[in-house]
Amino acid sequence: MALTRIGEGRLPVYIQEARIGMESKHTLEMKGISIEFPGVKALDHVDFAVKSGEIHALVGANGAGKSTLMKILGGAYGHYVGEIYFDGKKVDIRNPQDAKALGIDVVYQEVDTALISYLTVAENIMMDKMVNEMKGKHFIRWGNIHREAREVMKRVGIDLDTHTLVQDLSLAQKQMVLIARALATNTNFLVLDEPTAPLSQTETEELFRLMRDLAQNQQVGIVFISHRLPEIFEICETITILRDGQVVTDTTIDTLTQQKLVELMLGRRFEETYPKIHVPIGDVLLEVRDLNEEYGRVRNVSFTVRAGEIVGITGLVGAGKTELCKTLFGAYPMKSGEILLRGKSLHIKSPHAAVHQGMALVPEERRKEGVLVDEPVFVNLTLPSLDRFTKGPAFVDTRAERAKAREVIQDLGIRTPSENQKVAYLSGGNQQKVAVGKWLIADAEVYIFDEPTKGVDVGAKHDIFALIGALAKQGKGIIYASSEIPEILDISDRIYVMYDFTIVKEFETSEATEEAILFYSAGGQ
Ligand SMILES: Nc1ncnc2c1ncn2[C@@H]1O[C@H](COP(=O)(O)OP(=O)(O)OP(=O)(O)O)[C@@H](O)[C@H]1O
Ligand SMILES: [Mg+2]
């Protein structure tokens, strides 16, 4: 197979060429698919089918096997058993080229690992196409590449400079670039693994418009994975529900209700409400006065958090919530202002200093910042509180460490064969639970959660809410940043709305409504 060199960015990249374009009606069937990893039977005789023009939901709890099934379809795993049929004919998908040759494109859950960060937006979007066009040629028309990339982006509804390096994009923008890349070449089947998790509501609607257009007008068959149930009902016609690696239901969406879906998925009855635990609220614990971040990513922010209080920070994606969390935690440099804990001024110059002064952060980009993916689960869980497991000057009591880790695994329902499993091998949602769990062991005074429920299933969300409630009950201060307004309304005592990197409105939760929050989130005054 020919290797083609591309690379307008700093380093050359070699990618393999392949792909046949097709444009008519097709069916894709997976039959009796099973796959095992050490200690885990991830899929057990799964049947799955999707056809052109259809938007098909793939649903299941964290660790049910959704991503694994789609990775098989995308050629990421070669060691499965079972059969795949394309238009009734048996095909063999054992590597990504096999999948691409059939026009199957998978946009994976781990956005960060799928893009080449030091290349431009245009190069990332046009990667497959460039290779195709270059067959036998030894030059690239960069003008064309950028123009075509702009055209594809227009179809996806994103407005970005094609010369921007991918490393400078937000999560949402990276997601859109990945979708654009899939669509730059002929696609028969498009798999979107939790594409909406990092997207704002407007961006989600934009994506849905695009999905409908692709399905209806271009006969693309789409598989859609999401933990947001209303989205499933809004956009999908058919659905497959996985539980513990097996198919429990395969039906049309109109035969289900949300309640029924959740019960099938979890295998038990479930109330989807988050009973707010009411705890007595104490004195001001944390006070932030006129905080400014060095590069203007937080501007004149003042607020308070009292002991036992859950303070919601909301606003649209990009309003500055993550930037505020990072500045409070010392990950972004503070320019001016003051952070006081129990009236005492803190000196937070780094995350290390923040942890020592009683702050904990569960960050948004968990794979990059929240967990060490190459380390076992127990190491991740106990890392921020290692001093509690240290005997004498330096000996870490690994037995106590493991015992504590097993407790958190139990409490949060982290799906893993044992506390020794590498975090990289956990499903997306379970990695998120590890990122949350490690701070539950650490004994902080103020806990900052940045979009903690992104990508976790409804059952796990419940568990995380319960744990946050338990922390509040212990008199901790909680900052809960999320663009999911219903969640903010459910869990917080008080709400601050951010717009354009500053706080524009404060609400008592009892007086707030979704409409009012949206109004201020959108810059209303
Ligand atoms: N490479 C791997 N090595 C070991 N175990 C793995 C590997 N990939 C997946 N697993 C395990 O297989 C199971 C299914 O994982 P998968 O990622 O498919 O779940 P999922 O349904 O996508 O969950 P989520 O909603 O959290 O993304 C999990 O128990 C996971 O830990
Ligand atoms: Mg997954």
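Read the figures in this text as sums done on the coordinates, not as results from a lab. Everything numeric here is computed off the predicted structure, so don't read it as measured data. Every residue, glycine among them, receives a Cβ derived from its backbone with ideal geometry; neighbour counts consider all protein chains shown.
Pairs spanning more than 27 Å between alpha-carbon atoms, out of LYS174/LYS473; LYS25/LYS174; LYS41/LYS433; LYS174/LYS433; LYS349/LYS476; LYS154/LYS260: LYS174/LYS473; LYS25/LYS174; LYS154/LYS260.
At a 10 Å Cβ-Cβ cut-off, how would you order LYS404, LYS422, LYS344, LYS100, fewest neighbours first? So the ranking, lowest neighbour count to highest, is LYS344, LYS422, LYS404, LYS100.
Of LYS326/LYS404; LYS66/LYS100; LYS51/LYS454, which ones are farther than 23 Å apart at the Cα?
Details: LYS326/LYS404 28 Å; LYS66/LYS100 20 Å; LYS51/LYS454 29 Å.
Those over the limit are LYS326/LYS404; LYS51/LYS454.
The distance from the alpha carbon centre of region 44-79 to that of region 311-361 is 40 Å, rounded to a whole number. Put a dot 7 Å past the Cα of LYS349, heading toward its Cβ, do the same for ARG388, and the two dots end up 2.8 nm apart. Extension gain for SER170-ASN420 works out to 86.7 nm (0.36 nm per residue, less the C-alpha to C-alpha distance).
With the highest mean first, a sort of the peptides 26-32, 189-195, 314-320, 354-360 on other beta-carbon atoms found within 10 angstrom per residue produces 189-195, 314-320, 354-360, 26-32. Put a dot 7 Å past the Cα of PHE270, heading toward its Cβ, do the same for VAL248, and the two dots end up 0.8 nm apart.
ARG228 to GLU369: FRET efficiency via 1/(1 + (r/R0)^6), r the Cβ-Cβ distance, R0 25 Å, to the nearest 0.05? Once the sixth-power term is evaluated, E becomes 0.60. With the simple model of a label 7 Å out from the Cα in the direction of the Cβ, ARG399 to ALA114 spans 4.6 nm. A cut-off of 5 Å between modelled amide H atoms, ignoring neighbours fewer than 5 places along the same chain, links GLU309 with GLY282, ILE478. Close amide H contacts of VAL223 (hydrogens built in the peptide plane, cut-off under 5 Å, sequence separation of 5 or more or a different chain): HIS56, LEU190, VAL191, LEU192.
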